[in-house]
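Note sheet for the following structure.
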Amino acid sequence: MKRNLAALSVDVVLVVVFCLIGRRSHAEAGSITGLLETAWPFLGGLAVGWVATRTFYRDKFDAGSIFPTGVFVWLSTLVVGMLLRVVSGQGTAFSFIIVAGTVLAIFLLGWRAIRLRIAKPAGEPSPAGAATPSSRLDLRRRRP
């Protein structure tokens, strides 16, 4: 349960950071109410994604997994967030949807990918047989 709460907290913080970055890039960074107005649709989408993933993958739910949790949470945050922006009269320009989708993917999938990479057991091979710095060192030492 603590792990799920930690993962949810990371997601919430990253969505708020996304909104802060967006508001700052448009010179709208000064207002807390403005931040809440920008963030609530995406936080609503995030909540829908978490509940849906938890419901549909009850037995296999892993809050830190890229799939299904990360992908569903990302897509829900984006799609439901944009729909809530439309309903509330906020903008959804095509370029904004592309930027939001990209940044939210980097944030919501990225931390999960980093977590999985860090948590990988030391003896496990790298993906696609890629040489790691330590394996290159080992090869050099074995040469006569």
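What's the ranking of 32-45, 94-107 by average number of surrounding C-beta atoms within 10 Å, highest first? Kindly include the intermediate steps, with their values, before the conclusion.
Numbers: 32-45: 17.1, 94-107: 14.7.
The peptides rank, most packed first, as 32-45, 94-107.
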Query - Along principal axes, Cα extents of region 25-122, largest first, whole Å - result: 46, 29, 26
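None of the figures in this text is laboratory data; all of them are computed from the coordinates on show. Just so you know, these numbers come straight off a predicted model, no measurement behind them. Methodologically, a virtual Cβ is constructed for each residue, glycine included, from the backbone with ideal geometry; neighbour enumeration extends over all protein chains shown.
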